[in-house]
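Engineer: Before I ask anything, let me first share the structure, which is written out below as structure tokens.
The values are calculated or read from the model by the stated rules, or taken from the named source; none is laboratory data. Keep in mind that this is a model prediction, so the values were computed, not measured. Don't worry about glycine lacking a Cβ; one is built from the backbone with ideal geometry, like all the others, and counts go over all protein chains shown. We work out accessible area using only protein heavy atoms, side chains counted, and drop any ligands, DNA or RNA first. Shrake-Rupley method; radii C 1.70, N 1.55, O 1.52, S 1.80 Å.
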Amino acid sequence: MREGLQQIETAEEQMQQLRSKATELLLREEWEEAVLAYCQFINLCQDQISQTQQHPDPDHLPKLHRSLCLALSNRAEARSRLREFAQALKDCDQALKIGSTHFKTLLCKGKILLNLNRYSMALDCFKAALLDPQASGNAESLNGYLEKCKKLEFLSRTGAFDLSDWVVNGYRGKPPELAEYIGAVQIRKSGISGRGLFATKNIDAGTLVLVTKAIATERGILPSEDSGENAQLVMWKNFIHRVADSLTKCPRTCNLMNTLWTGEDEDGLEVPDISLFRPEAEKNGQSNEKPDMARILSILDVNSLVEDAVSAKVLGKNSGYYGVGLWLLASFINHSCSPNARRLHVGDYVMVHTSRDVKAGEEITFTYYDALSPFNKRKEMSKTWGFQCNCKRCKFEEEICATQEIREIEKGLERGMDMGGAVYKLEEGMRRWVVRGKEKGYLRASFWSAYSEAYGSDKSMKRWGRRIPAADAAMDSVLEVAGSDERLLKVLVDGLKKNNGAVGMERALKLGRGVYGKAVKKQALRTLLELGSH
């Protein structure tokens, strides 16, 4: 009996030393060392609990349980600081089995769930913590978390984001807090390539279809000299490391990453349910097997997005940077030379919205390269992306751009031919070839640089103005096939400034919504247009 008591006392001394060491490491924010120290303490504590059934002191076992609960809570805190959220949540759940109302654990779990964008579950934790007597001393910060959860949960449900104040203030201060959001879209087999994102109902231009946070991003200012390529390579290596790090820390990210295409066996791809990508969907049908490095590289090669793409707009402090990132659900969006969506990059989030009206059942697409450039240039660009675009526009233009007349117009433009004359020649050609409807829009989009220069030149308009289509008509036909674009907006706004046209402001605002999305409200858009930020 005495020997048993001595063993317990020795163990208690050990535990006291370990507890002090772990607490000190936690206070010094040495998270990895703190986790190791708490692991030792927790193992010793669990051993003691299993051995202490015969201890004469009736308070001893509850004391050990309280110590274990606090240690698990502290280890969860350290793990969450290391962004090891899955492990941290396990610690919280173990601690709450011991003390279901443990204030510190509820607070820690709530913050982890908030980081994982599981707003409703986080809200439940903070509400439970509010019932604890300790809450009175932390009421302000706790109420702050409650309000934040309610706001983000509302945004994730409704998609009612508003970037207006931030945009009007010149992107000063922190970007607005965003939430994960999935709108009226589903994943289906695509006629373009593999799988795609499809509208489940009619969607107006500027409407958000999804908001999602990156698994990882890497950004930097690229030097303009030859060393730019090396700098890009270094960034790419860092990016791969960040993605691999995320995968080791989060089984859910692994499972979702395993749904992405590797560039092989396109026909054999499974179509995942879009609900798997909702943050609250903890379980999915995939295995927990971690992708090997070769698979990770293949996935990143096919699915990464660059922030300075033509169909993207970077808002805020990252706009001067070259950036690359992996946004899981956005990876399912295919390329088209007749796109209907654009994206805004805000911090680590990407917001995808429609750039023109989209019909139910239509595939959501954005352009990987410039949709307002000639067919031959787009064909070259598609090769660098490793695919051949077979959209309706490319099929139509492949035939017509081989004609002698189109070649002559292209050569004329290279030689510095008058832009108005080039537009006139193209329009006359379209009349003779009986090009109608969308096909007119395709060709006008391909030669938009000539149209915009002609409309912007008083000399050109004086000479050709009556013989070429009005800017509004040309713009509408391009808008229908290529969606909203800053360069269309520029022609419209410049025309308004020349003519002091208040009537055209509504048109400009509608076009602006297609460029910036409805998350930038009317007054903020007006400010942007007046500043010429397009």
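Engineer: Examine segment 199-208 for a residue that is open to solvent by less than 10 Å² (accessible area, probe 1.4 Å), under 17 Å from the mean Cα position of the chain (by Cα) and under 18 Å from Glu270 (Cβ atoms), and state whether such a residue exists.
Structural biologist: no
Engineer: Considering only segment 119-154, state which residues are touching a residue at least 40 places away in the same chain (Cβ under 8 Å) and closer than 20 Å to Tyr349 by Cβ.
Structural biologist: Pass one, segment 119-154, residues touching a residue at least 40 places away in the same chain (Cβ under 8 Å): 119-121.
The answer is Tyr119, Ser120.
Engineer: Just give me the residues in segment 186-206 being over 20 Å from Lys392 (Cα atoms) and among the β-branched types (Val, Ile, Thr), in sequence order.
Structural biologist: Within segment 186-206, Ile187, Thr200, Ile203 qualify.
Engineer: Residue under question is Glu218, and the condition is that it be part of a strand (DSSP E or B) and either modelled with pLDDT under 95 or within 30 Å of Lys317 (Cβ to Cβ) (or both); does it hold?
Structural biologist: In short, yes.
Engineer: Can you name the residue in segment 149-170 that is of a type in the set (Gly, Ala, Ser) and part of a helix (DSSP H, G or I) and, of all such residues, is least open to solvent (accessible area, probe 1.4 Å)?
Structural biologist: Ser164
Engineer: Every residue in segment 171-193 that is open to solvent by 60 Å² or more (accessible area, probe 1.4 Å), within 17 Å of Val350 (Cβ to Cβ) and modelled with pLDDT under 90, please.
Structural biologist: Selection gives Tyr171 alone.
Engineer: Condition first: open to solvent by less than 20 Å² (accessible area, probe 1.4 Å) and either farther than 26 Å from Leu344 by Cβ or acidic (Asp, Glu) (or both). Now tell me which residues in segment 376-399 satisfy that.
Structural biologist: Cys394, Glu397 - these are the residues of segment 376-399 that are open to solvent by less than 20 Å² (accessible area, probe 1.4 Å) and either farther than 26 Å from Leu344 by Cβ or acidic (Asp, Glu) (or both).
Engineer: Among the residues of segment 1-34, what is the count of those that are in contact with an Asp or Glu (Cβ under 8 Å, 6 or more places away or on another chain) and modelled with pLDDT of 90 or more?
Structural biologist: 2
Engineer: Select the helices (runs of 4 or more DSSP H) contained entirely in segment 78-139, then report the ones holding at least 3 residues which are open to solvent by less than 40 Å² (accessible area, probe 1.4 Å) and closer than 25 Å to Arg242 by Cβ.
Structural biologist: 85-98, 103-115
Engineer: In addition: Need pairs with beta-carbon distance below 8 Å; first residue on the phi > 0 side of the Ramachandran plot and within segment 23-38, second of a type in the set (Gly, Ala, Ser) and assigned to a loop (DSSP other than H, G, I, E, B); sequence gap 6+ or separate chains.
Structural biologist: none
Engineer: Does segment 230-246 contain any residue that is in a loop (DSSP other than H, G, I, E, B) and of a type in the set (A, V, I, L, M)? Give the derivation first.
Structural biologist: Looking only at segment 230-246, we keep the residues that are in a loop (DSSP other than H, G, I, E, B), and these are none.
No; the residues of segment 230-246 include none that is in a loop (DSSP other than H, G, I, E, B) and of a type in the set (A, V, I, L, M).
Engineer: On to the next question. Looking at segment 340-366, which of its residues are under 13 Å from Ile192 (Cα atoms) and either open to solvent by 10 Å² or more (accessible area, probe 1.4 Å) or at pLDDT 95 or above (or both)? Explain how you work it out, then say what you get.
Structural biologist: The initial filter retains those residues of segment 340-366 that are under 13 Å from Ile192 (Cα atoms), namely 362-366.
Residues satisfying the conditions are Glu362, Glu363, Ile364, Thr365.
Engineer: Taking Lys438 as the residue in question, decide whether it is under 25 Å from Glu410 (Cβ atoms), basic (Lys, Arg) and in contact (Cβ under 8 Å) with a residue 40 or more places away in the chain.
Structural biologist: Yes; evaluated as a whole, the condition is true for this residue.
Engineer: Let me ask another. Given Ser446, Ser457, which one is within 15 Å of Glu397 (Cβ to Cβ) and in contact with a helix residue (DSSP H, G or I) (Cβ under 9 Å, 6 or more places away or on another chain)?
Structural biologist: Among Ser446, Ser457, only Ser446 is within 15 Å of Glu397 (Cβ to Cβ) and in contact with a helix residue (DSSP H, G or I) (Cβ under 9 Å, 6 or more places away or on another chain).
Engineer: Oh, and also: Which of the residues that make up segment 249-293 are open to solvent by 70 Å² or more (accessible area, probe 1.4 Å), at pLDDT 85 or above and over 23 Å from Asn334 (Cα atoms)?
Structural biologist: Within segment 249-293, Met293 is the sole residue that qualifies.
Residue by residue, here is whether (1) farther than 16 Å from Ser373 by Cα; (2) in contact (Cβ under 8 Å) with a residue 12 or more places away in the chain; (3) aromatic (Phe, Trp, Tyr) holds:
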{"position": "Ala445", "(1), (2), (3)": "no, yes, no"}
{"position": "Ala473", "(1), (2), (3)": "yes, no, no"}
{"position": "Val478", "(1), (2), (3)": "no, yes, no"}
{"position": "Val491", "(1), (2), (3)": "yes, yes, no"}
